[in-house]
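Following: one structure in structure tokens, then a few remarks.
The values are calculated or read from the model by the stated rules, or taken from the named source; none is laboratory data. None of these values were measured; they are calculated from a predicted model. Neighbour counts are summed over all protein chains in view; Cβ atoms, including those assigned to glycine, are modelled from backbone coordinates with ideal geometry.
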Amino acid sequence: MLTSLDLFIAGFHEPVFPPQDKATHTEAMIAAMASGAVHIISHPGNPKYPVDIPAVAEAAAKYQVALEINNSFLSLHA
């Protein structure tokens, strides 16, 4: 069914996926991209769900999946 969708956006949301550790989040996110069904990963920078950003970015390039950049999770430090 998922492969029949025009656009499939995947992301972590409570309470469906309770926050866990960085390795678990990263593995789940990369597995979703590798499935071939996901077109976009939503808010990979959510601090409740830390991920290995370089690993996720490499996987996104490999599997041709877009990453949403959500500025509500960005902070600028001097």
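Values computed for the structure shown
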{"quantity": "Per-region count, region 1-27, residues under 15 Å from Ala59 (Cβ atoms), buried (at least 16 other Cβ atoms within 10 Å of the Cβ) and hydrophobic (A, V, I, L, M, F, W, C)", "calculated": "1"}
{"quantity": "Residues being small (Gly, Ala, Ser), out of contact with any strand residue (DSSP E or B) (no Cβ under 9 Å at 6 or more places or on another chain) and modelled with pLDDT under 95 - total across region 1-34", "calculated": "1"}
{"quantity": "Subset tally (residues that are surrounded by fewer than 17 Cβ atoms within 10 Å (Cβ to Cβ), in contact (Cβ under 8 Å) with a residue 24 or more places away in the chain and either assigned to a helix (DSSP H, G or I) or aliphatic (A, V, I, L, M) (or both)) for region 28-50", "calculated": "3"}
{"quantity": "Complete set of residues in region 63-78 that are at pLDDT 75 or above and either on the phi < 0 side of the Ramachandran plot or of a type in the set (D, E, K, R) (or both)", "calculated": "Tyr63, Val65, Ala66, Leu67, Glu68, Ile69, Asn70"}
